[in-house]
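Accompanying notes for the structure given below.
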Amino acid sequence: MAPANRARAALTHAAQKAHQRSEGPPRTSREALSTWARAHMPDRELLVLSNREPWSHVQGDDGPRAVRNAGGLTVALDAVMQALGGVWVAHGSGDADRETVDERDRVACPPGRPRYQLRRVWLSAEEQAGYYSGFANSALWPLCHVVYVRPRFALSDWEHYQAVNRRFAEAVLAEAGDRPALVFIQDYHLALAAKYLKEARPDLQVSLFWHIPWPNPEVFRVLPWGREILEGMLANDVLGFHIRRHAMNFMDCVSDTLEARVDVERMAVDRGSRRTWVRPFAISVDAEELSVLADSAETVRAAERIRGELGAEGCRVVLGVDRLDYTKGLTERFAAYDRFLEKHEHWRGRVVFIQVAVPSRIELPEYRAVGDSVRAWTQVLNRRFPREAGPTVHLIERNLDFRDLVPLYRLADVCMVTSLHDGMNLVAKEYVAASPDLDGALVLSPFTGAARELEPAWIVSPYDQEGMADALAQALDTPEAERRERMGRLRETVLRHNIFDWTLEVLDTIVGLGLRTPAAFRPPDAPDANGTPAAADGTPDAGGDS
Ligand code: F6P
């Protein structure tokens, strides 16, 4: 390309990007979030705590190599920490993690362009087996998702869970020193961390976000240590869930299990001298970054290259992107795909199905069984519905880098999210954000948190095989104008509420509810959200809790 043309192309591209950024409703940007934090949390450090680390170091041929972990939670919070700075405490799970930390077990992240510190916590194989594979993923995970996989409750797993939660809390305490801090804990691995933190430092502001569903009391009551889990969680100042239903389920479990005042009107639980506020906040993705990346010439080229490699020229593309987890409804999806090709004959040979299946928790037999099932289904479908140009189903069984995933989103005419139960499901939102040309359709399970917001999708139960086969056919057969109109509405919803909006909402609620909490529910030496200590006699503050 001649230099003048190159310059013109670059300018057009820059103008397109600027237009995309300014298009649509006002939304929170990275910069706005960091301005808010400077104004409202000037004296407090942000400490994030999660099991999974955002960046791992793995051994490469030329020494340790940094890898960004692809999980929805870590990707979303990495963007937030880049905006806000602070310290993120997480399990160091990479095989070169120990080589890359300093003497305080810290490494600056993102590697190469540091914006925050990652403090790694080391777990032995035994601790990892009991706390992570055991109590978190064999007891709490099936218990909370209610998908007919029986939870396993083992005393030794529970003991490891408590011990590891204490270890994480100790690492946070070491990071906080004696300074004020806002600790933001993530997920079901760390239900007890707040309790240990508050025992040592009652003045810390501590909140937990529960990223998976919360069951109703009928289900919850089988957990032998239900009382202890609830007590641990009630050490938080604010508890967040994705949707209102899960927040309400949590409060119902408290009122069935503990002696506490459950105030449904205020959405607060008062127990002894503590108050915990309970709130729903729907998490999202960095929608703008995804949209701009999906619209780049590089992505469009990569999408077309993949189409050629898969022999999908002239075909429509159906996509699934999931961890290999029994909650994602993968067997149900493959069975429905089989029924779709059987019933809607005109699509045979004209659709290619790509399933990205990210290996997950493979130490557990239930997870290995999901892998076996999708592999078997892939063979069945490819045998039953052969195509000349290539396979009908492509199973990509590995963890894809974000840059490799976005072209697949861009290529897909339909994305299928068929979770049997899911707190939110960020794949649904990523797909929508990565469809800037409006050329796409989302088939979505009603049992995801995302379905509450993404109503213009083709919503269908994964338990209804016939319905799913028909919904897929409809998504493909619907005239282009309607498909584009529906995708336009989905995009506006996702762009309107991005990951920075979510963070700002959560942090602003923590700060705002801290102001509202009556002094009787604050420890005597704990400052309120403005740094003002509570009255020594414990009398409620003037504002009260209206
Ligand atoms: O859905 C719960 C969750 O913790 C997500 O937030 C996260 O992306 C996923 O599970 C990852 O699981 P793991 O850390 O076990 O790979």
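Quick notes on this one:
- Only residues that are of a type in the set (S, T, Y) and over 26 Å from the mean Cα position of the chain (by Cα) were counted across segment 324-352, and they come to 1.
- Residue match in segment 73-80 (condition: touching a residue at least 24 places away in the same chain (Cβ under 8 Å), crowded, with 20+ Cβ neighbours inside 10 Å and among the acidic types (D, E)): yes
- Residue check for E265: more than 16 Å from the ligand (Cβ to nearest atom) and either crowded, with 21+ Cβ neighbours inside 10 Å or in contact (Cβ under 8 Å) with a residue 24 or more places away in the chain (or both): no
- Residue match in segment 413-433 (condition: more than 30 Å from L47 (Cα to Cα) and out of contact with any Gly (no Cβ under 9 Å at 6 or more places or on another chain)): no
- Number of the exception - Y148 against (1) more than 15 Å from the ligand (Cβ to nearest atom); (2) within 23 Å of the chain's Cα centre (by Cα); (3) crowded, with 18+ Cβ neighbours inside 10 Å: (3)
- No other residue among L182, L234, L230, L190 is within 25 Å of D78 (Cβ to Cβ) and either free of Cβ contacts under 8 Å to residues at least 60 places away in the same chain or more than 16 Å from the ligand (Cβ to nearest atom) (or both) apart from L182.
- Every residue from segment 314-363 that is acidic (D, E) and either at pLDDT below 95 or within 16 Å of the ligand (Cβ to nearest atom) (or both): D322, D325, E363
- Answer residue from segment 158-179, given it is among the charged types (D, E, K, R) and either touching a residue at least 60 places away in the same chain (Cβ under 8 Å) or within 15 Å of the ligand (Cβ to nearest atom) (or both) and is nearest to R271 (Cα to Cα) among those: R179
- Residues in segment 143-157 that are part of a helix (DSSP H, G or I) and in contact (Cβ under 8 Å) with a residue 12 or more places away in the chain: L143, C144, H145, S156, D157.
- For segment 109-141, taking the residues that are within 14 Å of the ligand (Cβ to nearest atom) and without any contact (Cβ under 8 Å) to a residue 40 or more places away in the chain, the one that is surrounded by the fewest Cβ atoms within 10 Å (Cβ to Cβ) is identified as Q128.
- Of the residues making up segment 481-522, those that are of a type in the set (F, W, Y) and in contact with a helix residue (DSSP H, G or I) (Cβ under 9 Å, 6 or more places away or on another chain) are F500, W502.
- Answer residue from segment 29-53, given it is touching a His at 6+ places or on another chain (Cβ under 9 Å) and more than 18 Å from D286 (Cβ to Cβ) and is surrounded by the fewest Cβ atoms within 10 Å (Cβ to Cβ) among those: N51
- The set of residues from segment 380-431 being away from the ligand (no atom under 16 Å from the Cβ) and within 30 Å of L143 (Cα to Cα) comprises L395, I396, C415, M416.
- Pairing each residue of segment 196-207 that is within 20 Å of E228 (Cα to Cα) and surrounded by fewer than 22 Cβ atoms within 10 Å (Cβ to Cβ) with any residue that is at pLDDT below 95 and not aromatic (F, W, Y), provided the two are 6+ apart or on different chains, yields C-beta distances under 8 Å for P202/P523; P202/D525; P202/A526.
The values are calculated or read from the model by the stated rules, or taken from the named source; none is laboratory data. Not measured: the values here are computed from a predicted model. Positions of Cβ are backbone-derived with ideal geometry, glycine not excepted, and every protein chain shown enters the neighbour counts.
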